[in-house]
Amino acid sequence: MNHIFTTRDYAHHLAGEGTGVGPMIERVSPGSGRLVARFRQGTAEDAAAAIAQARDAFDNGPWPNKTGMERAAVLRRWADLIEENVERLARIEVDEAGKPIRQARGDLGNVVSLTHFAAGLAMQVHGETYSNLGPQKAGWIHREPVGVVGMIIPWNFPALIFAQKVPFALAAGCTVVVKPSEFTSGTALELARLGTLAGIPEGVLSVVTGYGDPVGEALVKSPDVDFVSFTGSTAIGRRILANSAETLKRVSLELGGKSANIVFADADLEDAIDGSLYGIFYNQGECCCSATRLLVDETIADDFVARLVARAKSLKLGDIHADDSDVGAMISDKHFDKVCSYLSKGKAEGASVLLGGEAANQDAGLFVQPTIFDHVTPDMTIFREEIFGPVLSIIRFKDQDEAVRLANDTIYGLASSLWTKNFDTAHQITPKLRSGSVWINTTIDGSPQMPFGGYKASGFGREMGQAGLDEFTNIKTVFAHLGKREPYYTAKS
Ligand code: NAD
């Protein structure tokens, strides 16, 4: 153990004081039981102050009027500062989110890459010109920043999801108010502070900490917020959509998932075993696109499952600050109880427990044993509902059609993975899978160039890639007449 625990005290990242200190939210690390941070419990007035600053910075401030090159320079400086602080930021994520340090370092590395990528996009914001409309007409299609963006972020990837949104909106020329999760606000505040050092002007990026109600609600309902970018549960996503109706603002919703992971008999089975374990136990299963439903070709299933379970036995949980830790803690007592209730349901509904199936006996932390259920059927609760914990459900399939049917048998549509060395199989199945991402011979994978988002109850809108910047723009059509107009109405005597 090489981490020194301290308790960090945070204020909102806001120009001025907000409405004063008020009550604080105390964050006890789910991995160690220690008090690691105190965040301000923001009010609707704090949110209103941040929104007013963002509105003013957008309507009157320099940020939307800077050139793309100027915005890119600030974002590049920001990425460099984040890179210098990766280890410290990763330790904060471990403390607050309960994830293993190896994963937190990976997340922060991706934050750096995403910020650099968004800096590149800032130089590329452009529209289209139509010069083929005849000698007297010309048309331009501009991409303008959408305005003030409210961003609401969950706890499972606090820094990464911040970076999937904020640099892209800033690259487009928007101003931003972020409401991080009440469990994991530290890195959003730290990243915003580094942003100020990099040259993001006052009011352009604020972070207001606190609970969904009132801070998140205030962002969604405010007439001065033009767009809400939300990542979180499908239940709260529905509420966001309803609350945005009054002001008819645009929203993007990155919601829950129940992803299928399909293993065909001709796969590289070593890769598929490692990938299947990563797909469910990465971030202790607290991942929107966790590969929670393992669909295996019945002809290889017994051997595959036996090897999978043998490998899973060596996963290490416990000290999440240790470099060899594999599986972290559940985010909160309430969530720990919820995940444990799914373990009970899986057993009660008749699935066979091949591994785990209980809470882990760890003194200080909210750990759940990596769990593998076999002989799961589509009617079981563990097949249908998002568990958001280290719990894998295995089901066998006879042929491609059955695999696709099972994969799509969910209200969600975030991601699917498939493992096969037959390109025909992969290519033919991909369009049939009703999910926003399909991974072939890999899982939970990507690159800043590749957009991410859902189908069905996993939401709508895309983050990252060019689409992730376009999301934060409005299209303005400019149509011009050149020279003297032919009159439409002629004077009648
Ligand atoms: P959550 O929906 O409980 O909370 C998400 C955020 O919304 C938090 O900041 C919370 O404070 C805020 N919030 C709560 N009530 C609100 C309200 N009435 N108005 C405005 N904001 C409100 O989700 P969570 O438990 O933090 O995160 C887990 C969920 O997020 C899972 O369902 C997971 O699948 C989903 N998720 C999706 C993606 C994706 O990209 N699709 C990524 C990560 C997590």
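Just so you know, all these numbers are worked out from the coordinates, no wet-lab data involved. No experiment lies behind these values; they were computed from the predicted model shown. Reconstructed Cβ throughout: ideal geometry from the backbone, glycine too, with neighbour counts over all protein chains shown.
What does the C-alpha gyration tensor say about the overall shape of region 303-408? Classify as rounded when a/c is under 1.5, otherwise prolate if a/b is larger than b/c, or oblate. Provide the component values of the computation, followed by the final result.
On the way: a/c = 2.23, a/b = 1.56, b/c = 1.43.
Prolate, since a/c reaches 1.5 and a/b exceeds b/c.
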So if I take the centroid of the Cα atoms in region 145-200 and the same for region 328-360, what is the distance between those two points in Å? 33
Provide, for q = 0.16, 0.21 Å⁻¹, the log10 of I(q)/I(0) from a solvent-free Debye sum over equal Cα point scatterers in region 103-195. -0.69, -1.03
Sort Val166, Val220 by Cβ crowding within 10 Å, fewest neighbours at the top. Val220, Val166
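Where does the charge balance sit around Tyr282 when Lys and Arg score +1, Asp and Glu -1, over other residues with C-beta under 12 Å from its C-beta? Don't skip to the end; give the middle numbers.
Details: positive: Lys99, Arg102; negative: Asp107, Asp274, Glu286, Asp326, Asp445.
Local charge sum for Tyr282: -3.
Quick one: order Tyr130, Tyr282 by neighbouring beta-carbon count within 10 Å, fewest to most. Walk me through the numbers on the way to the answer.
On the way: Tyr130 11, Tyr282 23.
Ascending number of Cβ neighbours within 10 Å: Tyr130, Tyr282.
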On alpha-carbon atoms, Rg over Rh for the chain using Kirkwood Rh? 1.02
For the chain, give me the percentage of DSSP beta bridges that are antiparallel, rounded to the nearest 5 percent. 40
Mind pulling the angle between the C-alpha long axis of helix 301-312 and the longest principal axis of the chain? Nearest 10 degrees, somewhere in 0 to 90. 80
Please report how far the C-alpha centroid of region 220-236 lies from that of region 366-440, rounded to the nearest whole angstrom. 29
Taking H as built 1.01 Å from N, whose amide H comes closer than 5 Å to the amide H of Val296, not counting residues under 5 places away? Val263, Ile395, Arg396, Phe397
Calculated from DSSP helices alone, with each H run of at least 4 adding -39500 (n - 2.57) and the total divided by the residues of the chain, [θ]222 nm to the nearest 500 comes to -11000 deg cm²/dmol
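Any idea how many Lys pairs in region 260-440 come in under 19 angstrom at the alpha carbon, given 8 or more places apart or on separate chains? Display every interim value, and only then the final one.
Numbers: Lys334/Lys345; Lys338/Lys347; Lys398/Lys421; Lys398/Lys432; Lys421/Lys432.
Within region 260-440, the lysine pair count is 5.
List the GluC sites (Glu not before Pro) within region 1-81 that fall in a DSSP loop (any state other than H, G, I, E or B) and whose Cβ has at most 13 other Cβ atoms within 10 Å. Intermediate results must be reported in sequence, preceding the final value.
Details: sites: Glu17, Glu26, Glu45, Glu70; in loops: Glu17.
Qualifying residues, ordered by number: Glu17.
Please give the FRET efficiency for Phe423 paired with Gln136, using the beta carbon to beta carbon distance and R0 = 45 Å, rounded to the nearest 0.05.
Working: r = 52 Å, r/R0 = 1.16.
With R0 = 45 Å, the Cβ-Cβ based efficiency is 0.30.
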Using a 10 Å cut-off on Cβ atoms, rank the peptides 334-340, 209-215 from the highest mean neighbour count down. 209-215, 334-340
For region 1-106, what relative contact order do you get, as a whole percent, if you take Cα pairs closer than 8 Å and at least 6 residues apart? 26
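Output the relative contact order of the chain, whole-number percent, from Cα pairs under 8 angstrom with separation of 6+ residues.
Details: 1119 pairs, mean separation 90.5, N = 493.
Computed value for the chain: 18 percent relative contact order.
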In nanometres, what is the gap between the two model label sites at Leu241 and Lys313, each 7 Å from Cα along Cα-to-Cβ? 4.6
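Quick check: convex hull of the Cα atoms in region 260-440, volume per residue, rounded to a whole Å³?
Values: hull volume 19.9 nm³, N = 181.
Roughly 110 Å³ of hull volume per residue.
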Rounded to 10°, Cα long-axis angle of helix 333-348 versus longest principal axis of the chain: 50
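Where does the charge balance sit around His142 when Lys and Arg score +1, Asp and Glu -1, over other residues with C-beta under 12 Å from its C-beta?
Working: positive: Arg143, Lys476; negative: Glu128, Glu144.
So the surrounding residues net to 0.
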State the answer as a single residue: which of Leu482, Asn243, Val305 lies farthest towards the positive end of the charge dipole of the chain, with beta carbon charges of +1 for Lys and Arg and -1 for Asp and Glu, about the Cα centre. Leu482
Whose amide H sits under 5 Å from the amide H of Leu205, counting only residues 5 or more places off or on another chain, with H placed in the peptide plane? Val176
Under 8 Å for C-alpha pairs, at least 6 residues apart: give me the relative contact order for region 313-467, rounded to a whole percent. 14
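Determine, for Lys221, Lys66, Lys476, Lys258, the number of other Cβ atoms within 10 Å of each Cβ, and report the residues in order from fewest to most.
Sorted ascending by nearby Cβ count, the order is Lys476, Lys66, Lys221, Lys258.
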Here region 231-236 yields Karplus 3J(HN,Hα) values (6.51, -1.76, 1.60; θ = phi - 60°; whole Hz; Gly and Pro given as x) of 10, x, 6, 5, 4, 6
